[in-house]
Amino acid sequence: MDNRNMNILLCGLLVTNGNLGCVALTYSAISVLQTVSERTGVVFHYKIVASKIDEKSIDVLCDQLNVDRKLVEGEVIKNVYRNRKEKQKFLNIVKNWADIAIDATQGDSFSDIYGWRRFINYTYAKILIERNGVPLLLAPQTYGPYKKLKTRMIAKYACNHASVLMSRDEISKNVLRKMGVRKPIVVVSDMAFFLPYQKQELDNSVTNIGLNVSGLLWNGGYTKNNQFGLSVDYQSLIRSAIERLKSDLHNRVYLIGHVISDSLDSVEDDYSVCRKLAEEYKVECAPSFRTPIEAKSFISGLDVFIGSRMHATIASYSSGVATIPLAYSRKFVGLFNNLNYPYVLDMCDSPDNEVLNSMIGYIGEYEKMMDCISESKTMLEEKKDLFIDEIVKWIQEF
C-alpha cells in the first residue's frame with residue numbers, strides 16, 4: 001500500500017444474489033467508503049469475495065454508484081472452512097493483496113440460527129484474516145443469537161481480535177458484552193439506511209400501500225416447518241391483510257418482493273408468491289427489481305409500507321415512507337428500538353388477529369408514523385456521520 005491507494009477486501013457482502021437486502025449492504029458499504037475515499041484522498045480498490053459473482057452485477061453496481069469499474073473486482077470462493085483449495089485461494093488474497101478487510105456477514109448471519117455450516121464458514125474467514133495480520137473491521141451487523149456454547153466461544157474470539165467492532169443495535173452490543181467481548185463497540189445503524197435512491201411519485205389521489213411478502217416465511221422457512229417459531233399463520237395473515245386493505249376502495253395495494261430468485265423451487269423467492277397473490281386478489285404486483293436501488297426508489301413513492309423482510313422496511317423507512325415492520329426475529333426490534341420507532345409488530349409473540357388489527361390501526365394514523373420517521377432523520381444522519389468518522393479515523397491509522 002502507498003499513501004494514495006488501499007486494497008480493501010470485502011467479505012460477507014454479496015453482489016450477485018436475489019436477496020436485495022444483502023446486496024443493499026454491499027452497495028451502501030461501497031457508497032460510504034467512496035465518501036471516505038474523497039475525505040481522505042485515498043483511492044480504494046475493492047475485492048468482493050463471495051460464493052457466486054456475476055461480472056455483470058459488478059458492472060451494474062459501478063454504474064448505479066458512479067464508481068470506476070476498474071476499482072471493483074470479484075473473487076468466487078465458496079468454502080474456506082472445508083475446502084483446502086478455496087482456503088488457500090482466500091489466504092493468497094489476504095496475505096498478498098489485502099491491506100485491510102471489512103466483513104458484514106450478510107447483516108444477520110453472524111449467528112448459529114442458520115446452522116453450523118453457515119456460521120463456521122463466515123467466522124473462519126474472519127479468523128484467517130485476523131491471524132494473518134490484516135486489520136479487520138466488523139461492519140454494523142447483528143451479533144447472535146448464539147444458542148450453543150461452542151459458537152459463542154468462537155464468535156467471542158473473532159470479535160475480540162477484530163481491529164474495529166461495530167454493531168447496528170444496542171441489543172447486539174449487549175450480547176457481545178455478556179459473552180465477554182471487551183473491545184470498544186461502536187453502535188451505528190444498518191448500512192442499508194444509507195443506500196442512495198431516486199424519489200418516485202405515484203398517484204396521490206389514492207393511498208398507496210405496499211405489502212412485502214416473504215417467500216421464506218410463506219414456505220415455513222428453510223425447514224418448511226415454521227423454522228422461525230411464528231405465533232401467526234403467516235399465509236393466513238397475509239391473505240387477510242390483502243383482503244382488508246383491498247376492501248377500502250381508497251387504497252391501492254402493491255405486493256412487493258425483496259428477494260427475487262431465478263430458481264423455480266426456491267423457498268426464499270418473494271416475487272413468485274407476490275405475483276400469484278396479485279393475480280388471485282387482483283391487486284398490483286411491483287416489478288422484479290434488478291438492484292436494491294431500484295427497489296428502494298419504487299418503495300419511496302408509497303404512502304405506507306408493510307414488510308416482513310427487514311431490509312425492505314429499511315428501504316421504506318429511510319426514504320420517508322410510513323413503515324410497519326412485521327418481525328420474525330429480534331433483529332427487527334433491536335434495529336427499530338435503536339431509532340425510537342414503536343410500530344414494529346411481533347409475529348413470534350402475537351396472534352393473527354392482534355397483528356392484523358394493529359396493522360390496520362397503524363395505517364389509519366400513518367401520518368403519525370411519518371412524523372416519527374422525520375424526527376429520527378437527524379439521528380440517522382448522526383449515525384451515518386459517526387460511521388464515516390470511525391472509518392476515516394481507522395484508515396488514517398495506516
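The values are calculated or read from the model by the stated rules, or taken from the named source; none is laboratory data. Remember, it's a predicted structure, so these values are computed and weren't measured experimentally. Note: ideal-geometry Cβ built from the backbone for every residue, glycine included; neighbour counts use all protein chains shown. To get the accessible areas, we keep the full protein, side chains included, count just its heavy atoms, and leave off ligands, DNA and RNA. Shrake-Rupley method; radii C 1.70, N 1.55, O 1.52, S 1.80 Å.
Of all helices (runs of 4 or more DSSP H) completely enclosed by the range 116-220, which ones contain at least 1 residues that are open to solvent by 30 Å² or more (accessible area, probe 1.4 Å) and among the β-branched types (Val, Ile, Thr)?
On the way: elements: 116-131, 149-160, 170-179, 215-218.
Once the helices (runs of 4 or more DSSP H) in the range 116-220 are filtered for at least 1 residues that are open to solvent by 30 Å² or more (accessible area, probe 1.4 Å) and among the β-branched types (Val, Ile, Thr), what remains is 149-160, 170-179.
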Of those in the range 347-359 that are open to solvent by 50 Å² or more (accessible area, probe 1.4 Å) and touching a residue at least 24 places away in the same chain (Cβ under 8 Å), the residue farthest from residue 233 (Cα to Cα) is 349
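Can you spot a residue in the range 381-394 that is closer than 30 Å to residue 42 by Cα, among the basic types (Lys, Arg) and either open to solvent by 70 Å² or more (accessible area, probe 1.4 Å) or touching a His at 6+ places or on another chain (Cβ under 8 Å) (or both)? I'd like the intermediate steps shown before the answer.
First pass over the range 381-394, keeping only residues closer than 30 Å to residue 42 by Cα: 381-394.
Add one more test, that the residue is among the basic types (Lys, Arg), and what stays is 383-384, 393.
After this cut, where a residue has to be either open to solvent by 70 Å² or more (accessible area, probe 1.4 Å) or touching a His at 6+ places or on another chain (Cβ under 8 Å) (or both) as well, the list is 393.
Yes, the conditions are met somewhere in the range 381-394.
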Output for Cβ contacts, cut-off 6 Å, separation at least six or different chains, first residue closer than 23 Å to residue 77 by Cα in the range 22-51, second among the basic types (Lys, Arg), reads 51/78
From the option list 188, 175, single residue qualifying as under 30 Å from residue 378 (Cβ atoms) and out of contact with any Asp or Glu (no Cβ under 9 Å at 6 or more places or on another chain) is 175
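Here's the yes/no breakdown for (1) open to solvent by 10 Å² or more (accessible area, probe 1.4 Å); (2) among the small types (Gly, Ala, Ser); (3) under 30 Å from residue 30 (Cβ atoms):
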residue: 242; (1), (2), (3): no, no, no
residue: 256; (1), (2), (3): no, no, yes
residue: 262; (1), (2), (3): yes, no, yes
residue: 267; (1), (2), (3): yes, no, yes
residue: 316; (1), (2), (3): no, yes, yes
residue: 332; (1), (2), (3): no, no, yes
Residue 384 vs (1) touching a Gly at 6+ places or on another chain (Cβ under 8 Å); (2) closer than 30 Å to residue 4 by Cβ: all pass except (1)
Might you let me know whether the range 104-114 holds any residue that is touching a helix residue (DSSP H, G or I) at 6+ places or on another chain (Cβ under 7 Å), hydrophobic (A, V, I, L, M, F, W, C), modelled with pLDDT under 95 and open to solvent by 30 Å² or more (accessible area, probe 1.4 Å)? no
Restricting the range 269-308 to residues that are free of Cβ contacts under 8 Å to residues at least 40 places away in the same chain and among the acidic types (Asp, Glu), the one most open to solvent (accessible area, probe 1.4 Å) turns out to be 279
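With respect to residue 398, determine if the residue is surrounded by fewer than 19 Cβ atoms within 10 Å (Cβ to Cβ), within 30 Å of residue 7 (Cα to Cα) and not charged (D, E, K, R). Full working, then the answer.
Values: surrounded by fewer than 19 Cβ atoms within 10 Å (Cβ to Cβ): yes; within 30 Å of residue 7 (Cα to Cα): yes; not charged (D, E, K, R): yes.
When the stated conditions are applied, residue 398 passes them.
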Note on the range 334-345: residues in contact (Cβ under 8 Å) with a residue 40 or more places away in the chain and surrounded by 17 or more Cβ atoms within 10 Å (Cβ to Cβ) are 334, 335, 338, 339
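The rows are residues; the columns are (1) surrounded by 14 or more Cβ atoms within 10 Å (Cβ to Cβ); (2) touching a strand residue (DSSP E or B) at 6+ places or on another chain (Cβ under 7 Å); (3) more than 29 Å from residue 312 (Cβ to Cβ).
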| site | (1), (2), (3) |
| --- | --- |
| 31 | yes, no, no |
| 36 | yes, no, no |
| 49 | yes, yes, no |
| 58 | yes, yes, no |
| 65 | yes, no, no |
| 68 | no, no, yes |
| 74 | yes, yes, no |
All conditions in (1) within 20 Å of residue 295 (Cβ to Cβ); (2) under 22 Å from the mean Cα position of the chain (by Cα) are true of residue 253 except (2)
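Could you pull out every one of the helices (runs of 4 or more DSSP H) wholly within the range 231-303 that has 1 or more residues that are at pLDDT 95 or above and touching an Asp or Glu at 6+ places or on another chain (Cβ under 6 Å)?
So the answer is 234-247.
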